[in-house]
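Just below is one structure, and these are the notes that go with it.
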Amino acid sequence: MDIPFRKRTSIKSKLFFVILFFVCAPLILFGYFWYEKTTSSLEQNAIQYSQHLLSQTNQYLNFYLEDLEKATAPFQTNQQVQEYVALKPQPKDKFTTFQLSKQIQEEAFASILNGRSDIFGISLINKNVMQVNNYSQVSRFLDMDKIRSRNNELWRKVDTFDTYEVLDVEEIQNTPVIPIVRKLYDKRTYETTGLLIIHLQLNQLAKIINEITLSHFNNVWIVNENDKIMYHSNEELLETTSIPISTFQSNISVQRENKENTLLVGEDFPNTELNWGLIASVPMDRIMGNLIELRNSTIWVGLILIGAALFFVGGFSFSLTYSLENLQKLMKSAESGNLNLERKKPFPLYQNDEVSDLYNSFYTMTTELDRLIEQVHLAKLKEKELELKTRESELQAMQSQINPHFLYNTLEIINSYAIIENQPIISNMTTSLADMFRYNVSNTKKVVTLQEEMDQIKAYLQIQQQRFEKLHVIYDLKNADLQEVITTRITLQPIIENAFIHGYEEHQLAPEFIGIYGKKTTCYYQVFVVDLGKGMSPDTIETYNYAFTHNADPPEGQKTTKRIGLMNVHKRLSTQFGSPYGLSIQKSDEMGTVIEVRLPFAIEEQKKEA
């Protein structure tokens, strides 16, 4: 029987045709009609958002101007201001006029100017055309005569102004400013006695506009009641005539510029006393970003269609998942350590495609893993054997570096001279040193009795006592036990050397005590090496005790290459005699260190060998 799809065809190709006819085609058709239906709605939403943003900007500008109006209101009742507007030119009393002007500048004007960089300058003029000016916030040179002359012109028009009025933009030495005037009245006659003039920097309005609209609109400009542009980001358009807001339909106009539709939104200032308007422009393409929402909606519809398509191709996918589930079971079996698996085949539909290749690759991998595991196991055994041989070779290499006969003859000559010269100390040290070298160099036995090891240690410590006069040594071991206990050669000396170097010398302490104690238990013999130097940190103790327990090397940062260390001694004992023999750090702190050495009895080892 011929199997369908016998010709090699990838799963990707099979699924591609299914998705193409059952998912993609309906999704494209639906997306097209959906896009056409929702475009107009999205455009309307974008326009409404633009209107709202412009209205918000308009309100913000209005709040800003109303706040400035409230800030100037106290001038009407200020005592110094009332005195100044009532002054008459009195040449004989110039000092009083000067003093009053200074008070107004330092008190009344300061209450407005303090902390406000948006005000270019402020002036006060009375009905006798006397002026007080403060333009101290301007860093460059100003022609004050022109400013006073302009103030006089405003005073002549005082009857045409409202109580508080914002005038058209003008320039003071190339700086565009907005003059704001407030009339000051006599409290009794309500006659206009003075005029407060504030020159507001136009760039402050630009900051307010840009803070709100810069991320949305391309350009925003302000027009007065004559449709003349008072502010525009393009300075070349200042003082030109803008499109009247009155021509907009519902404050909206769409114009075509450079083959692109541009939305114009206009709105009058809410302050009816200020006949200004605000107009903003933005390309229609820019505000159509909401089409992303349409795309997201289309994706969700597409997911629904994909779900329907999956329902129709369920049978096709079942056969695929069936084969993959079988492969998954095989993988779990391999994870548990069973690499000798029964070679099952995938579903017949997939015996000539990627699924079949996956099965074959898996079986190849498990076979290779089984082979590699066996190789690693053999390699570890060889590595352990090589490590033991290497350690023994290191000891033998150390021994062979010194010619024993030459060394013994030399030490014998030194001893003879010491006896002749009646120097017992030198004679004793030479004898001890000769005994040490015979034990370390000439003795080739791997295992010795504890008695032999202690004889070597006593010779070693006799030399150390000559070096350190205050060194006190205690031996507390029963002689009867020493012949019954065996150990590897050179076991105790590295431990005692470790006490001298790391317990005393590293901390600049003179060695004062070394104690060697023995204790017989039912399972093994304990030897305790005690010093009173500074001990190890808790982390170091934990690291080494863990290494001793698990017979593993400590981390790289804890190793040393200056001597055969504690770990070397432990491994030689553990390798030679097995568990539980080896080292253990019983105590190590500021008061000293206690190292335990567990050694076997000779009779126990003989039983094992038998």
Query raised in the report: Any idea of the accessible area per residue across the stretch 443-608, 1.4 Å probe, to the nearest Å²?
Result: 50
Requested in this report: Quick one: work out Rg over Rh on the C-alpha atoms of the stretch 78-204, Rh as Kirkwood radius.
Outcome: 0.95
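Quick check: with the 1.4 Å probe, what order do LYS382, LYS127 take by accessible area, largest first?
LYS382, LYS127
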Report task. Report the accessible area of LYS146, computed with a 1.4 Å probe over the heavy atoms of all protein chains in place, in Å² rounded to the nearest 10. Result -> 140
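Could you order the peptides 566-574, 168-176, 590-598 from most to least packed, using the average number of other C-beta atoms within 10 Å per residue?
566-574, 590-598, 168-176
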Report summary line: Between LEU388 and MET144, the two model label points (7 Å from Cα along the beta-carbon direction) sit apart by a distance in nm of 10.7
Report task. Sort HIS550, HIS199 by accessible area with a 1.4 Å probe, largest first. Result -> HIS550, HIS199
Query - Long-range amide H partners of TYR231 with built H, under 5 Å - result: ILE222
Report task. For the stretch 125-190, give the percent of accessible area contributed by carbon and sulfur heavy atoms, probe 1.4 Å, rounded to a whole number. Result -> 45
**Report entry** In order through the stretch 183-200: 3J(HN,Hα) via Karplus (6.51 cos²θ - 1.76 cosθ + 1.60), integer Hz, x for Gly, Pro
**Finding:** 6, 10, 10, 6, 5, 9, 9, 6, 7, 5, 10, x, 9, 8, 10, 10, 9, 8
Requested in this report: Pop the C-beta distance of ALA308 and GLN56 into the FRET formula with R0 = 41 Å and round what comes out to the nearest 0.05.
Outcome: 0.35
Query raised in the report: How big is the accessible area of GLU421 in square angstrom, nearest 10, if you roll a 1.4 angstrom probe over the protein chains?
Result: 120
Query raised in the report: What does the accessible area of GLU374 come to, in Å² to the nearest 10, when a probe of 1.4 Å is used?
Result: 100
Report summary line: Shape call for the stretch 443-608, from the Cα gyration tensor axes a ≥ b ≥ c (a/c under 1.5 means rounded, otherwise prolate when a/b beats b/c, else oblate), comes out oblate
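Counting only protein heavy atoms, what percent of the accessible surface of the stretch 443-608 is carbon or sulfur at a 1.4 Å probe?
On the way: 4130 of 8290 Å².
That share works out to 50 percent.
The values are calculated or read from the model by the stated rules, or taken from the named source; none is laboratory data. Since this is a predicted model, take the numbers as computed values, not measurements. With ideal geometry, Cβ positions are generated from the backbone for all residues, glycine too; neighbour counts draw on all protein chains shown. Surface accessibility is based on the protein's heavy atoms, side chains included, excluding ligands, DNA and RNA. Shrake-Rupley method; radii C 1.70, N 1.55, O 1.52, S 1.80 Å.
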